[in-house]
1. Going by C-beta contacts inside 10 Å, put GLU136, GLU123 in order with the fewest on the left.
2. I need the phi-derived Karplus couplings for region 82-99: 6.51 cos²θ - 1.76 cosθ + 1.60, θ = phi - 60°, integer Hz, Gly and Pro marked x.
3. With a cut-off of at most 11 other beta carbons within 10 Å, and DSSP calling the residue loop, which chymotrypsin sites (Phe, Trp or Tyr not before Pro) in region 29-102 qualify? Please list them.
4. For region 34-85 and region 107-132, what is the centre-to-centre distance using only Cα atoms, to the nearest Å?
5. Around ALA142, under 14 Å between beta carbons, what's the net of Lys plus Arg minus Asp minus Glu among the other residues?
6. For region 105-113, take each phi angle, set θ = phi - 60°, evaluate the Karplus expression 6.51 cos²θ - 1.76 cosθ + 1.60, and give the result in whole Hz per residue in order, putting x for glycine and proline.
7. Most exposed first by the Cβ proxy, i.e. fewest other Cβ within 10 Å, how do LEU77, LEU143 rank?
8. For region 61-147, what does the alpha-carbon gyration tensor say about shape, rounded, prolate or oblate, given a ≥ b ≥ c as the root eigenvalues, a/c under 1.5 as rounded, and a/b over b/c as prolate?
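Coordinate-derived values only; no laboratory data. Worth saying up front: this structure is predicted, and the values here are computed from it rather than measured. Every residue, glycine as well, gets a Cβ built from its backbone with ideal geometry; the counts of neighbours run over all protein chains shown.
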Amino acid sequence: MLVAIRSAALNDLPAILAIERQAPGAAHWTSEQYNKLVGGGVVLVAEEAGRLCGFVCAQAVAGEWEIENVVVAAEFLRRGIADELVRELIRRAESEAASAILLEVRESNLPARALYEKRGFREVGRRRVYYRDPAEDAILYALRFAR
């Protein structure tokens, strides 16, 4: 089936929260935080046959976008949905004249790191013991746009 990527609406929040709660490695936020991001940031959702199956959240500050969370529902993993979400986020950032997209990811999250590198992100740094449960370094990535 085809996956459709679109901007999130406030009525998507229950499904976004349900997907996020099932992903132990995701950043866990309150519904109020997601509500604020839907209203003032960038939240894209992936839908298949009318069912929300993943999302990406980002914030834009001073021309730089920062990816906050990329989550795909467990039953939809390994189908390219995260890749489609990130690809569309990059397209939108470019169309909005962003200078870069930044993110951090757990050092052990090799599938995510491979996805970002495939999409042109480059490792630019490390934050020691950034994550908890378990304690782990964050690898910093940036995708810079030529202007």
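1. GLU123, GLU136
2. 4, 4, 5, 4, 5, 4, 5, 4, 4, 4, 5, 4, 4, 5, 8, 6, 5, 8
3. Counting only loop positions with at most 11 other Cβ atoms within 10 Å, none of the chymotrypsin sites (Phe, Trp or Tyr not before Pro) in region 29-102 qualifies.
4. 17 Å
5. Combined, the nearby Lys, Arg, Asp and Glu give +1.
6. Those phi angles translate into 9, 4, 4, 7, 7, 5, x, 5, 4 Hz.
7. Values: LEU77 14, LEU143 22.
Fewest-to-most ranking of LEU77, LEU143: LEU77, LEU143.
8. oblate
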